[in-house]
């Protein structure tokens, strides 16, 4: 059986992939925080549907005091809300960096990778 040879990726290609991987990681962490907030608040009787449109209801329930929570739980849930907001800021920063057409790290991407990037940008913006 013959081995297949794969082209070595350049540092620029690796850097381009890093931006996408870092964003993907932060999005997964954001999803975990949202699910944790939803789960913890449901234990206190505040049930919200899944989906990104309902995240504001979760945040306002913690910050504005829309629901009665035990004294101990509100500061702990506020930590999750603060983490969620910080993740959103970082994700937007990475998306802005990815969207820059003249970014050096995207100079050597193949045609397929550029097509994927265009589709991703079209869906996210």
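The values are calculated or read from the model by the stated rules, or taken from the named source; none is laboratory data. As the structure is a computational prediction, the values presented were derived from the model and not from experiment. Neighbour counts run over all protein chains shown; Cβ positions are idealised from the backbone, glycine included.
Annotations for the structure displayed:
- Residue list for the stretch 39-69, filter: part of a loop (DSSP other than H, G, I, E, B) and surrounded by 18 or more Cβ atoms within 10 Å (Cβ to Cβ): 46, 69
- Within the stretch 100-122, restricting attention to residues that are surrounded by 14 or more Cβ atoms within 10 Å (Cβ to Cβ) and not in a loop (DSSP other than H, G, I, E, B), the residue that is modelled with the highest pLDDT is 117.
- Odd one out for residue 19, checked against (1) more than 22 Å from residue 95 (Cβ to Cβ); (2) modelled with pLDDT under 85; (3) under 19 Å from the mean Cα position of the chain (by Cα): (1)
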